[in-house]
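The values are calculated or read from the model by the stated rules, or taken from the named source; none is laboratory data. Please read all numbers here as calculations on a predicted model, not as lab measurements. Here the Cβ positions follow ideal geometry from the backbone for every residue, glycine too, while neighbour counts run over all protein chains shown.
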Amino acid sequence: MVEHYSVLHREVLEFTKDLKEGYFIDATVGGGGHSYLILKQNPKLKIIGVDKDDYALEVAKERLKDFEGRFSLVKSSFKDIDKIVKDLDVNPVVGILFDFGVSHFQLKLPRGFSFQREEPLDMRMDTSSELTAYYVVNYYPESRLFNIISKYGEEKFAKRIAKNIVEYRKKKKIETTKELADIVYRSYPPNLRHSRIHPATKTFQAIRIEVNNELLEIEEALEKAIHIVSKGGIIITISFHSLEDRIVKNTFKKYKELKFLDILTKKPITPKEDEIRENPASRSAKMRVARRL
């Protein structure tokens, strides 16, 4: 198996090093990178790994096999974290980690998350769910496409992109990532098409968020996590998008004012230069940490 350490793994270990006996919920277990390191560092912890992606759970199971008996894997959305804790009867929960966004191996699967290759428009993290990027792109009305790309992608050319998507699909359905990326590319003014960030980046991000209902699930999961974690326990979040980070910031602030949380990160922690060199995708990561009072 290729050795891969998850984003901000050193910082995650620093905040979890003093956790005592109990359960730690890796609410976005992905390939098990964070869980592996936490189990190795904290011999008295048990991990509940949650993911909606079947392939992620397979990878995590293989990755964590040396810790048999100390981890359980659950296929679910993290928004159902309360139900998971109740069903498994785990207590105390001394820590919860959320690592939002798409995991590195999902980007390598032919699911349409990346515009670097020609793939079917899918973008589902849970391949059993119904809504796909293909449906969003080919059947959403122009006004709804504009709203998604503008709000979730924070894309200033959203109006032009939505219009061009609708014009294109009148002639034929948009079936691949390359077709969609080309439409977005041509929607940009020529002098802005060759910047460091590809013009399609924000649109793909927006459609992925829509397909997976990501922001609403984050809000719901965070609210539940704050009530699930035991006193003295910690909640760690890693965001890759300004809207995700804003949800975390506002939720932590609200519960600090209610005397539920102590915020341990005055400003979000970002990756150091050596990590960015090793893993360029980590560049936009922001970590926030709070402790339950």
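Worth a mention:
- PHE252, sole failed condition from (1) hydrophobic (A, V, I, L, M, F, W, C); (2) within 30 Å of VAL137 (Cβ to Cβ); (3) assigned by TED's automatic domain parsing to the domain that holds SER77; (4) not in a strand (DSSP E or B): (2)
- Among the residues listed as ARG288, ARG277, the single one being under 26 Å from LEU216 (Cβ atoms) and either among the hydrophobic types (A, V, I, L, M, F, W, C) or in the same structural domain as HIS34 (by TED's automatic domain parsing) (or both): ARG288
- Residues in segment 188-224 that are over 16 Å from the mean Cα position of the chain (by Cα) and closer than 30 Å to LYS20 by Cβ: GLU223, LYS224.
- Lone qualifier among ALA206, ALA221 - being farther than 27 Å from LYS159 by Cβ and touching a helix residue (DSSP H, G or I) at 6+ places or on another chain (Cβ under 7 Å): ALA221
- Some residue of segment 228-245 being at negative phi, of a type in the set (D, E, K, R) and either touching a Pro at 6+ places or on another chain (Cβ under 7 Å) or at pLDDT below 95 (or both): yes
- Residues satisfying the stated conditions in segment 72-87, i.e. without any contact (Cβ under 8 Å) to a residue 60 or more places away in the chain and assigned to a helix (DSSP H, G or I): ASP80, LYS83, ILE84, LYS86, ASP87
- Of residues in segment 62-71 being touching a residue at least 24 places away in the same chain (Cβ under 8 Å) and not in a loop (DSSP other than H, G, I, E, B), the one farthest from the chain's Cα centre (by Cα): PHE67
- Options LEU19, LEU97: the member that is closer than 25 Å to HIS227 by Cβ and assigned to a strand (DSSP E or B): LEU97
- Here LYS249 does not fit the description of being at pLDDT below 95 and more than 25 Å from MET123 (Cβ to Cβ).
- Among the residues of segment 118-138, not one is closer than 15 Å to ASN213 by Cα and touching a strand residue (DSSP E or B) at 6+ places or on another chain (Cβ under 6 Å).
- Counted residues, segment 39-63 - those being closer than 25 Å to GLU214 by Cβ and surrounded by fewer than 23 Cβ atoms within 10 Å (Cβ to Cβ): 9
- Search result, residues across segment 42-77 that are touching a Ser or Thr at 6+ places or on another chain (Cβ under 7 Å), of a type outside the set (Val, Ile, Thr) and modelled with pLDDT of 95 or more: ASN42, GLY49, LEU64, PHE71
- Single residue of segment 228-247 satisfying the filter (in a loop (DSSP other than H, G, I, E, B) and more than 10 Å from the chain's Cα centre (by Cα)) that is surrounded by the fewest Cβ atoms within 10 Å (Cβ to Cβ): LYS231
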